[in-house]
1. Near Lys134, which aspartates and glutamates are there with a Cα under 20 Å away, not counting those fewer than 8 places off in the same chain?
2. May I ask you to order 97-103, 117-123 by the average number of other C-beta atoms within 10 Å around their residues, highest value first?
3. Quick check: Cα centre of segment 44-76 to Cα centre of segment 105-132, how many Å?
4. Tabulate in residue order the Karplus-calculated ³J(HN,Hα) for segment 71-80, using 6.51 cos²θ - 1.76 cosθ + 1.60 with θ = phi - 60°, rounded to whole Hz; enter x for Gly and Pro.
5. If the reach is capped at under 20 angstrom between alpha carbons, list the aspartates and glutamates near Lys47, excluding any in the same chain fewer than eight residues apart.
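Just so it is clear, none of the values below were taken in a lab; they were calculated from the coordinates. Just so we're clear, the structure is a prediction, and the values are computed from it rather than from any experiment. When we count neighbours, we look across all protein chains shown, and the Cβ atoms used for this are built from the backbone with ideal geometry, even at glycine.
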Amino acid sequence: MSAPPPPPPSAQPPAGLPAQQQHAGGASAQQQQQQQQPQTNDSLFAKDLRLMMYGFGDSKHPLDATVSLVEDIVVEYITDLVHRAAHLARKRGARMSREDVMHVLRRDPRKYGRALHLLQTQSEQNDALRSDQKYLAQGVTRK
């Protein structure tokens, strides 16, 4: 008979626990090694969230459950923001635009300011890219 498959990652205890606490019945060396390594989450934002969490003072390898919770909060916030912006656009009878998103953010000065800064930065980057493309199209090479 073959061995039963390992439990799904969500059923495994956090990797920081001692081996005795992870599996009272004992686990193979391979299972223990897999549990000690940080698990990658096949989610959309997990990699970026891990880096951001570390940058804001969390451990270098935050728990999968913590990353998952933060991701759930982020996805819920973005979904709500987009729904509210889409609702405004529907009321105007138009497609959703940046202005709709900015209108939703207007009551939170910190988020509004950050969004405005990111839009300005994007515009500056696009201008620089267009300038470089125009420069290269003229056949001039940089030294």
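1. Glu124
2. Details: 97-103: 15.4, 117-123: 10.4.
The densest-packed peptide leads the list: 97-103, 117-123.
3. Their Cα centres are 24 Å away from one another.
4. 5, 4, 5, 4, 4, 4, 5, 5, 4, 4
5. Asp58, Asp64, Glu71, Asp72, Glu76
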